[in-house]
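Chemist: Just passing along the structure, written as structure tokens.
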Amino acid sequence: MDDRAAHHALRTEQAAADLTACSSWAAEHRLHLLLEHRVATRFSFVDAHLPGGTVDARDMDALALAIADPTALLVTAGGHYWGTPLTQQGDWATFTTLPRTWAVLGVSALTGIYYGLHVKGIHAARFVGGVREEPRGIDATIRLVDGSVATAVRTTVGMRLEHGDTTRFCDDLDEALALIELPVIRIDAPRYDSSTLAALVEQAGVLPDESVVLNGETWHRAPALRLSAPRSEG
């Protein structure tokens, strides 16, 4: 099996685990999974991968079926660098006017990496590694130079960064800080000591011009903290 085939097989197994977890959750809301044909472009599901009660409509007009069936949770595929093609289908506008639930199996078109099942519509959820995302507490409150505040929330599957109307997903606070596109002026994160936060902020490249407050302590920018390049011997 070549690398491409191996990656395809891996993401199929990963997505199958999320379908199983999602199916159990969906049953609590009296919904069943309905797979549409774009799923087949990124995953090779066989019957053994599909939870009981799943309607396999990969060779049918699944969107029309979902419009007619309020108990259907329509499952499609989409992701970074290719969007969600289902939303370009003619009947999509009709679907969005109805009280329906749908989900996207997320795959990057650039890397082929699978990153979870996102449920949207009248119900919302996220599944990664066969686990439903649930909040476990706030890891950090982050104030940015423009006065806005971002919140890093620990979850059962990693971390999510909430900033305004935008939510982004990552594994830990290191990645969360790297996702921030403005200088940080204050971080309150009691689970971390201030020296650890200082290292994370510097590593993420979000230091302000002069100073940053970390857990109530003011840290000033000091070039001396950076390692000097070793001298060459002449």
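Only the coordinates and a few stated rules stand behind these numbers; no lab work does. Keep in mind that this is a model prediction, so the values were computed, not measured. Cβ atoms come from the backbone with ideal geometry, glycine included; neighbour counts cover every protein chain shown.
Chemist: Bin width 10 Å, origin at 0, all Cα-Cα pairs of region 1-71: what percent of pairs per bin?
Modeler: Result returned by the calculation: 19, 48, 27, 6, 0.
Chemist: Hey, another quick one. Report, for region 31-128, the % of DSSP beta bridges that are antiparallel, rounded to 5.
Modeler: Details: 10 of 22 bridges.
Percentage antiparallel, nearest 5: 45.
Chemist: Give the longest segment of the chain that steers clear of trypsin sites (Lys or Arg not before Pro) in DSSP loops with at most 10 neighbouring Cβ atoms within 10 Å, not counting the sites themselves.
Modeler: On the way: sites that count: R30, R226, R231.
Excluding the exposed sites themselves, the longest stretch runs over 31-225.
Chemist: Run the dipole for the chain about the Cα centre, Lys and Arg Cβ at +1, Asp and Glu Cβ at -1, nothing else charged, and hand back the magnitude in debye, nearest 20. Can you show the working numbers first?
Modeler: On the way: 20 positive and 30 negative charges, 33 e Å.
Value, rounded to 20: 160 debye.
Chemist: Once you keep just the Cα pairs under 8 angstrom separated by 6 or more residues, what percentage relative contact order results for region 1-71?
Modeler: Details: 60 pairs, mean separation 25.5, N = 71.
Across region 1-71, relative contact order equals 36 percent.
Chemist: Moving on to the next point. In nm, to one decimal, how far is the modelled label at V46 from the one at D69, with both set 7 Å along Cα→Cβ?
Modeler: Distance between the two pseudo-spin positions: 2.4 nm.
Chemist: Once both axes come from the Cα atoms, what is the angle between helix 3-28 and the longest principal axis of the chain, in degrees from 0 to 90, rounded to 10?
Modeler: 70 degrees
Chemist: Given an 8 Å cut-off on Cα distances and at least 6 residues of separation, report the relative contact order of the chain as a percent. Could the numbers behind the result be given before it?
Modeler: Details: 423 pairs, mean separation 29.2, N = 234.
It comes to 12 percent, rounded to a whole number.
Chemist: Between D3 and E181, 0.36 nm times their residue separation minus their Cα-Cα distance comes to what? Write out the running numbers ahead of the final one.
Modeler: Values: separation 178, 0.36 × 178 = 64.08 nm, distance 3.39 nm.
That works out to 60.7 nm of additional length.
Chemist: Over the alpha-carbon set of region 67-191, work out the extent along each principal axis and list the three values in angstrom, largest first.
Modeler: 50, 30, 25
Chemist: Right, another one. For region 120-214, what log10 I(q)/I(0) values come out of the Debye formula at q = 0.14, 0.17 1/Å, with one point per alpha carbon and no solvent?
Modeler: -0.50, -0.71
Chemist: Can you give the alpha-carbon Rg of the chain over 2.2 N^0.38 Å, where N counts its residues?
Modeler: On the way: Rg = 22.1 Å, N = 234, 2.2 N^0.38 = 17.5 Å.
Dividing the Cα radius of gyration by 2.2 N^0.38 Å gives 1.26.
Chemist: Using only Cα atoms, tell me the angle between helix 194-204 and the longest principal axis of the chain; keep it within 0 to 90° and round to the nearest 10.
Modeler: Roughly 70 degrees between the two axes.
Chemist: Taking the inverse of the average 1/r across all pairs of different Cα atoms in region 185-225, what Kirkwood radius in Å do you get?
Modeler: Working: mean 1/r = 0.0981 Å⁻¹.
In region 185-225 this quantity evaluates to 10.2 Å.
Chemist: Let me ask something additional. Remind me, relative contact order of region 106-204 in percent, using alpha carbon pairs under 8 angstrom and six or more residues apart? Walk me through the intermediate numbers first.
Modeler: Numbers: 160 pairs, mean separation 19.1, N = 99.
In percent, rounded to a whole number, it is 19.
Chemist: Please return the longest stretch of the chain lacking exposed loop sites, where GluC sites (Glu not before Pro) count only if DSSP places them in a loop and at most 15 other Cβ atoms lie within 10 Å.
Modeler: Working: sites that count: E181, E210, E233.
Result for the longest clean stretch: 1-180.
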